[in-house]
Amino acid sequence: MAMVLALFFWLLAVVTAGIFIGRVWWLPELVSEHGAAVDRQLALTLLIAGIVFFAAQVGLGWFIWRYRARGAGRASYWHESPKLELTWTLITAVVFIGLAIQGNRVWAKYFLDDAPPDALTIEVTAQQFAWNNRSPGPDRKFGRTDPKLMNDALANYIGLDPNDAAGRDDILTQNIMAVPVGRPVRVIVRSKDVTHSFFVPQLRVKQDAVPGMAIGIHFTATKVGEYEIACAELCGMQHYKMRGRLLVMDSVNFEKWLKQRAGA
Ligand SMILES: [Cu+2]
């Protein structure tokens, strides 16, 4: 019986390691510049946790087998080994604090650094259950908005003021966002009702959209394609339907897209 149990833990360790090494369930494709650091951090965390997990399961199996019942003698045990306890507590503390410091550096580099000055700015205003995107248009200035002017029936989802000249060329789209490839993009994330979360897995970007706040994030997309914008915060009954499309285009197609939308 002990042998069966020991084999079970060894098998568990080997299968788990195989899934990890074979990257059976891995991250989606990476298409942003900053994302490599995020992936490295995650891989490092998984690697360390994986080694500990593997060693623990193999050790558990070994103990079960080595100290299985033999003959009529009863097993004896003792507890308390200050030296051992101190050792594994210290090792664990050093590993975790080290990972936290390293992870914090990656986080801070992404969230505290300003977007490059040549970044293209897009605003996204979340609502139940859609993403309202706005580009400033050729004048590069966003028009004035006022929450009092928000009117879904008139498709003025973000409350754009029709009397402000700067807003006349603003490009408004719902659930579709276009960005050029290889160019820094700043996204100002807002919400007009409850908390949502702007999430593009392939960009390794996830930012809460908090009512009353305008939170800036930035990224540079590295591959032309179409990616899903998901809402990563349970925001109501139709949360599951709240999805947009992110179109990453080469600069020629992007300019074309802007012109088309500006004329629309
Ligand atoms: Cu949402």
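What follows is calculated from the coordinates using simple rules that are stated; it is not laboratory data. What you see is a predicted model; the values in this text were computed from it and never measured. Glycine gets a Cβ as well: all are built from the backbone with ideal geometry, and neighbour counts include every protein chain shown.
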Query - Helical segments meeting 15 Å axial Cα length and Kyte-Doolittle 1.0 threshold in the chain (DSSP H) - result: 2-21, 35-66
Requested in this report: Could you bin all the Cα-Cα distances of the range 84-142 into 10 Å bins starting at 0 and give me the percent of pairs in each, rounded to whole numbers?
Outcome: 17, 23, 22, 17, 12, 7, 1
Requested in this report: Place +1 on the Cβ of every Lys and Arg and -1 on the Cβ of every Asp and Glu in the chain, take the dipole about the Cα centre, and give the residue among Val24, Met3, Ala209 whose Cα lies farthest towards its positive end.
Outcome: Met3
Query raised in the report: Computed over the Cα atoms, what is the radius of gyration of the range 120-263 divided by 2.2 N^0.38 Å, N being its residue count?
Result: 0.99
Report summary line: Taking the convex hull of the alpha-carbon atoms of the chain and averaging its shadow over every direction gives an area in square nanometres of 19.9
Query - Per-peptide average of other Cβ atoms within 10 Å, ordering 203-216, 69-82, 96-109 highest first - result: 203-216, 96-109, 69-82
Query - Charge dipole magnitude, Cβ of K and R +1, D and E -1 - the chain, Cα centre, debye nearest 20 - result: 860
Requested in this report: Run down the aspartates and glutamates and flag those whose C-alpha is under 14 Å from the C-alpha of Lys259, throwing out any fewer than 8 positions away in its chain.
Outcome: Asp139, Asp169, Asp170
Requested in this report: Stick to Cα atoms and the Kirkwood definition of Rh, then tell me Rg/Rh for the range 45-87.
Outcome: 1.12
Query - In the range 128-189, trypsin sites (Lys or Arg not before Pro) in a DSSP loop with at most 11 other beta-carbon atoms within 10 Å - result: Arg140
Query - Residues in the range 63-105 reached by a label modelled at Leu5 [backbone nitrogen below 14 Å; 7 Å Cα→Cβ] - result: 63-70, 75-76
Query raised in the report: How big is D for the range 30-122, in µm² s⁻¹ as a whole number, if Stokes-Einstein is applied with the Kirkwood radius of its Cα pairs at 4 °C and 1.567 mPa s?
Result: 73
**Report entry** Relative packing of 245-256, 116-127, which averages over residues the other C-beta atoms within 10 Å, highest first
**Finding:** 116-127, 245-256
Requested in this report: Please tell me which of these pairs span more than 32 angstrom C-alpha to C-alpha: Lys83/Lys109; Lys192/Lys256; Lys109/Lys223?
Outcome: Lys83/Lys109
**Report entry** Lys109 paired with Ile19, simple spin-label distance in nm, labels 7 Å along Cα-to-beta-carbon
**Finding:** 3.0
